[in-house]
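The next block holds one structure in the form of structure tokens; read it before the comments.
The values are calculated or read from the model by the stated rules, or taken from the named source; none is laboratory data. Quick caveat, the model's predicted, so the values are computed rather than measured. Here the Cβ positions follow ideal geometry from the backbone for every residue, glycine too, while neighbour counts run over all protein chains shown. Note: areas computed on protein heavy atoms with side chains; ligands, DNA, RNA excluded. Shrake-Rupley method; radii C 1.70, N 1.55, O 1.52, S 1.80 Å.
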Amino acid sequence: MPSERPIGIFDSGIGGLSVLHHVRNLLPAENLIYVSDRAHLPYGNKAGEFILNRSEHIAAFLMQRDVKAIVIACNTATAVAVAHLRKHFSLPIVGMEPGVKPATQKSRNGMIGVLATEGTLVSGKFRSLVEQHSNGTDIFYCPCHGWVETIEHNGAAHDKTYKMVERELMPLLEKGVDTLVLGCTHYPFIKDTIQQVAGSLITIIDTGEAVANQLRRRLTEEDILSPSLPPGREDYWCSASPENTRQLIEKIQGRPCVVKRLPQQDC
Ligand code: DGL
């Protein structure tokens, strides 16, 4: 039965807004609840158990708000927690996956670079993704130290961003990669800088749109697409200061929003 129940989307911070953007474009009538776990950011250098606990906690909070589906808009949390959450919660759960497969298909010289957090790169889920799709492609990795924190503090444009991207990307570019995978939902916010550093001949792969398509497929299969007319509502929740988060979200989205603090037991 079509349903006006909301869709829950979460990330360690504002990165998942790059996914919410595609979800909103594709599903303008859906009500969305976005949770940013900024008090515990970054996830990328934390123990798997910690990320698993946070993901379970946030999923339980979203379930209390009667969501009909969950999007884990975080590659790191997906790598660690998606199987566990699917076992524990019986609703469609859509996760992120670094675009290794499309990158190997698009690369002309068989050399690609994956930009992701340490947590994603060392996960078993990512290792098996690479085993499944590498097919003789040379894959180089970049753990992008400090990128998530810089994007959280400065948004997309900042003097320091170019230097930071250049420093981390150079080793990959010197190897000769012709395709780069954005394996963290924060990185689309600095895609222009990445392109500037890498040069216009480098292809950049982001899976945000593919994830929104996958969400629509799952809602269609379950017959729970919203019957309402657009625009759907958007509610924002955060485990850190709602005021800072509101300012950052408004800067990114260019429209006003209200951000509430997660209840104490969920922070
Ligand atoms: N946006 C998250 C991801 O896609 C960032 C993880 C972090 O907080 O380090 O992995």
Next item on the list: Sketch the reach of a paramagnetic label on residue 86 as a point 7 Å from Cα along Cα-to-Cβ, and name the residues of segment 119-139 whose backbone nitrogen lies under 15 Å away.
Entry: 124-126, 128-129
Notebook entry, point to check: Amide H to amide H under 5 Å from residue 69: which residues, 5+ apart in sequence or cross-chain, H placed 1.01 Å off N in plane?
Noted result: 8
Notebook entry, point to check: Amide H to amide H under 5 Å from residue 236: which residues, 5+ apart in sequence or cross-chain, H placed 1.01 Å off N in plane?
Noted result: 34, 258, 260
Note to self: Quick check on segment 68-126: what does the Kirkwood estimate of hydrodynamic radius come out to from the alpha carbon pairs, in Å?
What the structure shows: 12.7 Å
Next item on the list: Can you send over the carbon and sulfur percentage of the accessible area for segment 3-128, probe radius 1.4 Å, protein chains only?
Entry: 50 percent
Next item on the list: Run the 1.4 Å probe and let me know the accessible area of residue 162, rounded to the nearest 10 Å².
Entry: 80 Å²
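Compute the orientation-averaged projected area for the chain from the convex hull of its Cα atoms and round it to one decimal in nm².
Working: hull surface 54.1 nm².
For the chain, averaging the hull's shadow over all directions gives 13.5 nm².
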Next item on the list: Read phi for every residue in segment 171-179 and hand back ³J(HN,Hα) as whole Hz from Karplus 6.51 cos²θ - 1.76 cosθ + 1.60, θ = phi - 60°, with x for Gly and Pro.
Entry: x, 5, 5, 5, 5, x, 4, 10, 9
Next item on the list: Using Cα centres only, tell me the gap between segment 151-225 and segment 60-126 in whole Å.
Entry: 14 Å
Next item on the list: Using a 1.4 angstrom probe, figure out how much accessible area the chain has per residue, in square angstrom, rounded to the nearest whole.
Entry: 45 Å²
Notebook entry, point to check: Could the peptides 56-66, 111-121, 5-15 be put in order, highest first, of the mean number of other beta-carbon atoms found within 10 Å of their residues?
Noted result: 5-15, 111-121, 56-66
Next item on the list: Over the alpha-carbon set of segment 161-242, divide Rg by the Kirkwood Rh and report the Rg/Rh ratio to two decimals.
Entry: 1.13
Next item on the list: Per DSSP H run of at least 4 residues, take -39500 (n - 2.57); add these up for the chain, divide by its residues and hand me the 222 nm value, nearest 500 deg cm²/dmol.
Entry: -13500 deg cm²/dmol
Margin query: Compute and list, largest first, the equivalent-ellipsoid semi-axes of segment 1-128 from the alpha carbon gyration tensor, each √(5λ) rounded to a whole angstrom.
Written below: 25, 19, 13
Notebook entry, point to check: Karplus couplings for segment 225-233 from phi (6.51 cos²θ - 1.76 cosθ + 1.60, θ = phi - 60°), rounded to Hz, Gly and Pro as x?
Noted result: 5, 5, x, 6, 8, x, x, x, 7
